[in-house]
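Written below as structure tokens is the structure these notes are about.
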Amino acid sequence: MLVLFGGENGTLDTLQFVEEKLGIGLSDLDIDPRTGDWSRGLYSRPMQWSTGVYRLLGLEPRSVEPSYSLLDSLVHPDDRQLPSDLDDVMHAAEPREREFRIIQPKGTLRWLQTQTEVLLDDQGVPIKKVSIWTDITARRDAKETIAEHQHRFQSLVRASDNPVWLTRASGIIIDIFGWQELTGQALAEALGMGWLECIHPDDREATLAAWAESYERAEAYEVEHRVRMRSGEYRWFKSRSPQPGKQNGAVVTRVGISTDVHDEKMWPKRSEDNLLTGAQIRAARGILNWSVRDLSEATAVSPSTIRRLEETDGVPSGPKESAAEIKNSLRSAGIEFFIAPSGKPGVSPN
């Protein structure tokens, strides 16, 4: 069994011990198919590659003579070092680490990490370069995937123009994007449960109740509450997050968004159904300065039918087809029908 030396340079110390004390060349070692090692005497000894290096380069072991030119031909063109860089590494006394891509003869692209150290003799003169190689393709792919997900997340946050928040499984907020710009509250003050300071006092109890129930039951969270703006005014927001995913049965960090719904909540909604009240018909005619006959000519609904529909302030009991025709004609003439926040129907010029 081979016991590695400890410490930051334990691997290199072990290889040096094996080669110098036991007389075993580095090219004879083959511990892990994902790793390889090679050495080169700086003045006389030729370069030596282990079986692992050949595998990492996509070559049959001992099929070619190890050389810098061969190695350089397999390195991705964007990752090749300048001659001056190689000279610095060859004569540097401290360990060096590098990551680069190689293109194997069959076209496969792999990421490699090298840990290199120059060994010195008793007089401190460099005599040998030793390097440990590891295939880190899977790690680089995972890193790039995470970076891509982070980029997409940041792009979505910027595009949403609404605060986006992250919480721990306990419900404690650990980050909020766009909150400081909206409310003026510093991020450090908003983290944890500090964001409640920006919620209208009359809405905090309902907010906390919905928050606690959502996290206790691991359900979706949704609540409408007023948020204090940087200017000091309050605007209505709908804060929500979907039911959190679970990992090994436990709730993981979840994402939520707070959307400005102030205008939707405070301003009238357009009435899309065919219901029309007599009061709306009378008001619409008044805005347009139309007589009953004018409306009759625009709709092909008889004046007597229009008068019957106008007799009540509420929804008349007359023909629905006639009411729909009147509503469409009045809209075409520039009238907007809506339902006010109080629930009462209204009209306005479009």
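Within the range 198-216, being surrounded by 13 or more Cβ atoms within 10 Å (Cβ to Cβ) and either β-branched (V, I, T) or under 17 Å from G171 (Cα atoms) (or both) holds for I199, R204, A206, T207, L208, A210, W211, S214, Y215. The single residue among E117, E65, E94 that is exposed (fewer than 13 other Cβ atoms within 10 Å of the Cβ) and modelled with pLDDT of 75 or more turns out to be E65. Identify the residue in the range 159-172 that is surrounded by fewer than 16 Cβ atoms within 10 Å (Cβ to Cβ) and polar (S, T, N, Q) and, among all such residues, is modelled with the lowest pLDDT. Among residues in the range 159-172 that are surrounded by fewer than 16 Cβ atoms within 10 Å (Cβ to Cβ) and polar (S, T, N, Q), the one modelled with the lowest pLDDT is S160. Filtering the range 213-228 for residues that are at pLDDT 90 or above and either under 23 Å from the mean Cα position of the chain (by Cα) or of a type in the set (G, A, S) (or both) leaves a non-empty set.
Could you check how many residues of the range 184-195 are surrounded by 16 or more Cβ atoms within 10 Å (Cβ to Cβ) and outside any helix (DSSP H, G or I)? Number of matching residues: 2. With the structure loaded, tell me whether E219 is assigned by TED's automatic domain parsing to the domain that holds I257, surrounded by fewer than 18 Cβ atoms within 10 Å (Cβ to Cβ) and part of a loop (DSSP other than H, G, I, E, B) or whether it fails that test. For E219, the condition - assigned by TED's automatic domain parsing to the domain that holds I257, surrounded by fewer than 18 Cβ atoms within 10 Å (Cβ to Cβ) and part of a loop (DSSP other than H, G, I, E, B) - is met.
One line per residue, one yes/no per condition, for (1) modelled with pLDDT under 85; (2) over 19 Å from M266 (Cβ atoms); (3) assigned to a strand (DSSP E or B):
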position	(1), (2), (3)
V157	yes, yes, no
I174	no, yes, yes
L182	no, no, no
E197	no, yes, no
L208	no, yes, no
S231	no, no, no
R240	no, yes, yes
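The single condition among (1) touching a residue at least 12 places away in the same chain (Cβ under 8 Å); (2) more than 30 Å from L71 (Cα to Cα) that A186 does not satisfy is (1).
The values are calculated or read from the model by the stated rules, or taken from the named source; none is laboratory data. From a predicted model like this one, the values you see are computed outputs, not experimental measurements. Using ideal geometry, Cβ is built from the backbone for each residue, glycine included, and neighbour counts are taken over all protein chains shown.
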